[in-house]
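Please treat every number below as a calculation from the coordinates, not as lab data. This structure is a prediction, so every number in the text was calculated from the model and none was measured. Glycine also receives a Cβ, built like all others from the backbone with ideal geometry; neighbour counts cover every protein chain displayed.
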Amino acid sequence: MQSGETWMGLHALHRHGWTVSALAREFGLSRNTVRRELAGTQPRHYAKREARTGLNEVQLAHVARVPLCGTRPAAPQRRAATSGCANTWRTCR
């Protein structure tokens, strides 16, 4: 859930006759999320997440092993001709 304002908006519009599907489209939420929020008596409160830490040793080893060939293209065979990378996606892994 985004905020208490979103929760209040869902409840207000639902009282005015909006359907769950219409609310989901309007707020960009799934229908199940809208149903769950309408069933609640208060906005949800989520615990604060811990800050991300650096990479661990296994992750650093993986990053060092994988060559930097850019992002994975939609069609690996086209990338070699257009990007200048001599490797194909299969050999970049």
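The share of Cα pairs per 10 Å bin across the range 20-66, counted from zero up to the longest distance, runs 21, 24, 17, 20, 18, 0 percent. Using θ = phi - 60° in the Karplus curve 6.51 cos²θ - 1.76 cosθ + 1.60, the 3J(HN,Hα) couplings for the range 55-62 round to 6, 7, 4, 5, 5, 4, 5, 5 Hz; x is entered for Gly and Pro. In a DSSP loop and with at most 12 other Cβ atoms within 10 Å, the GluC sites (Glu not before Pro) in the range 1-54 are GLU50.
Along its principal axes, the range 1-41 has C-alpha extents of 19, 19, 16 angstrom, given from the largest down.
For the peptides 7-13, 39-45, the ranking by packing is 7-13, 39-45, with the highest mean count of neighbouring Cβ atoms within 10 Å listed first.
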